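Undergrad: One structure, as structure tokens, below. Some questions next.
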Amino acid sequence: MTNPFLNLTYETALENLGDDYYDRVPAAEFPQHLLRFRNDRLLSQLGLNPEAVADDDFIEAFGLFEGVRPFLALRYHGYQFGEYNPFLGDGRGFLYGQVRGTDGDLYDLGTKGSGRTPYSRTADGRLTLKGGVREVLAAEALHQLGVKTSRCLSLIETGEALWRGDEPSPTRSSVMVRWSRSHIRFGTFERLHYIQRPDLVTKLLDHAIAVYYPTIDPQAPDKYAQFYAELVRRVAELAAQWMVAGFCHGVLNTDNMSIAGESFDYGPYAFIPTYDPHFTAAYFDYSGLYCYENQPGICRLNLERLQVPLKMAMKSEDLESGIAQFEPHYIAAYRQLMVRNLGFETLSQADENELLYQTILLLKKTQVGYHQFFAELAQGFSDRWRQDASLILRDASFPVAEWEKWCKLYHALLNQIAEDEMGDVRDRLHARNPQTALLRPVIESVWNPIAQEDNWQPFEDLLTVIWNRD
């Protein structure tokens with residue numbers, strides 16, 4: 001075979017666990033295969049030269065599904081909006097294969113929209129093209145913002161007409177291939193508790209430690225305690241990354257929480273337009289359970305729910321010791337990331353407290369665009385701000401009258417660093433604060449040309465902006 005994807009060395013780490021964790025499934029056949037997105041930036045992590053990979057290689061491997069190992073639909077349960085659901089599982093996707101990246105880590109290639117499985121129930125197992133476009137954009141934007149996230153390797157339009165209640169229908173269909181650290185979810189363990197299989201919990205824990213937590217000694221008597229403590233840290237830091245990025249996932253069910261502590265599965269997500277703690281991304285989240293400000297608390301709650309199956313293999317005191325560190329990890333990560341977004345590396349405790357308090361207070365009070373503020377801070381930054389506080393944000397497009405106290409504080413902090421460190425402040429501001437935010441109107445501005453004219457240029461242009469941080 002000459003197709004580079006079909007010549008990769010696929011590993012069977014999860015498959016080797018046995019079929020207690022998955023079902024083998026066939027892929028659907030589709031009437032059309034049009035490659036709409038290929039992520040050449042991921043190909044190098046597979047050890048592939050993008051110039052040596054043709055568009056037809058993507059279609060053959062990820063559209064026609066020929067010549068590849070059996071596909072696995074993973075089994076899991078989950079808490080969905082607070083209610084336990086034992087009827088879940090991969091309903092429109094499967095684990096396509098596991099490959100070793102050039103960094104030595106094992107990665108999953110998982111599909112979304114590839115057809116019905118034993119867990120599809122009444123659904124059609126398909127992904128709308130708009131849903132695929134939105135996930136491509138979310139993953140790339142979050143990656144550029146420093147969020148630990150899955151990414152999309154490819155998106156293929158498949159030529160079927162789908163009916164959805166949340167999109168003008170009929171709408172177009174697609175298959176997406178997701179690149180992620182793991183598709184094992186909190187809900188994977190919850191299912192094992194539901195069927196009362198402590199042996200399978202232990203087996204899956206050992207697998208997770210071996211593959212995703214290699215710094216833990218698999219022979220250590222406290223290896224499970226170490227695992228849970230590290231997972232708590234990863235999830236706390238992930239929640240902080242979302243909050244600083246102004247990102248609202250929208251559906252933080254336990255089946256959408258990765259055991260590797262990675263963000264994935266982007267459905268009704270949204271980036272907040274202004275600092276609104278109650279902003280809700282999912283139109284069906286009527287109570288605001290998964291609103292922006294609730295995300296850290298929901299992540300902690302999901303970690304507590306995970307304790308139920310983990311108690312089949314761990315001591316309660318080890319679980320309580322681990323979860324007790326969630327808030328310290330979250331606060332430390334949030335403060336560090338916000339301070340960097342504001343251009344600084346380290347500040348005294350008192351200065352950090354005051355800067356973050358004043359920044360959030362004014363963002364909330366003035367309702368200036370959340371991303372706009374940071375973008376204009378980066379765009380307008382000048383060495384002269386160190387000499388004259390009145391110059392700070394003077395050319396911003398939003399009113400700055402109420403920002404006088406903040407500008408004086410920022411001026412004072414700039415004067416606490418050496419003059420030759422101003423360039424470092426500028427570099428941090430530009431590195432962390434893109435000029436284009438992936439707000440809902442921006443997404444619609446690239447989707448409408450696709451839907452109306454099959455014009456993909458605005459989508460490609462937006463990706464270029466995201467990648468280049470113009």
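Values in this text are rule-based calculations from the coordinates and carry no lab data. Values in this document were obtained by computation on a predicted structure and should not be read as measured data. In this analysis, Cβ positions are derived from the backbone assuming ideal geometry, glycine residues included, and neighbour counts consider all displayed protein chains.
Undergrad: Restricting to Cα pairs below 8 Å that are 6+ residues apart, what does the relative contact order work out to for the range 10-186? Please round to a whole percent.
TA: Taking the mean separation of contacting Cα pairs over the length of the range 10-186, I get 25 percent.
Undergrad: Continuing with the same structure: Of Lys365, Lys130, how do they rank once you tally other Cβ atoms within 10 Å and put the fewest first?
TA: Ranking Lys365, Lys130 by Cβ neighbours within 10 Å, fewest first, gives Lys365, Lys130.
Undergrad: For the range 272-326, taking Cα atoms only, what is the radius of gyration to one decimal and the Dmax to the nearest whole Å?
TA: Looking at the range 272-326, its Cα Rg and Dmax stand at 14.9, 44 Å.
Undergrad: Only helices at least 30 Å long along their axis, Cα-based, and averaging -0.5 or more on Kyte-Doolittle count here, so list those DSSP H runs from the chain.
TA: 223-245
Undergrad: Amide H neighbours of Gly97 under 5 Å, counting only residues 5+ apart in sequence or on other chains, H built in-plane at 1.01 Å?
TA: HN-HN under 5 Å from Gly97: Leu109.
Undergrad: Moving on. For Rg/Rh (Cα atoms, Kirkwood Rh), one of [x] 1.07; [y] 0.98; [z] 1.14 was computed from the structure I shared and the rest are decoys. Which label?
TA: Of the labelled values, this structure produces [y].
Undergrad: Follow-up. Tell me what the chain gives for mean residue ellipticity at 222 nm when only DSSP H runs of n ≥ 4 count, each as -39,500 (n - 2.57), the sum divided by the residue total, rounded to 500 deg cm²/dmol.
TA: Computed mean residue ellipticity for the chain: -13000 deg cm²/dmol.
Undergrad: Can I ask one more? For the residues Met257, Met422, what sequence is obtained by ranking on other C-beta atoms within 10 Å, fewest first?
TA: Exposure proxy ranking, most exposed first: Met422, Met257.
Undergrad: Relative contact order of the range 345-432: what whole-number percent is it, with Cα pairs under 8 angstrom and at least 6 residues apart?
TA: Over the range 345-432, the number comes to 32 percent.
Undergrad: Continuing with this model, one more query. Return Phe227, Phe284 ranked ascending by Cβ neighbour count within 10 Å, so the fewest neighbours appear first.
TA: Lowest to highest Cβ neighbour count: Phe284, Phe227.
Undergrad: Now, a different point. For the chain, what relative contact order do you get, as a whole percent, if you take Cα pairs closer than 8 Å and at least 6 residues apart?
TA: Once divided by the residue count of the chain, the mean separation gives 13 percent.
Undergrad: Mind putting a number on the dipole of the chain about its Cα centre? Charges go on the C-beta only, +1 for Lys and Arg and -1 for Asp and Glu, and I need it in Debye to the nearest 20.
TA: Roughly 760 debye, rounded to the nearest 20.
Undergrad: Translational D (Stokes-Einstein, µm²/s) of the range 198-335 at 37 °C and 0.692 mPa s when Rh comes from the Kirkwood sum over C-alpha pairs?
TA: 209
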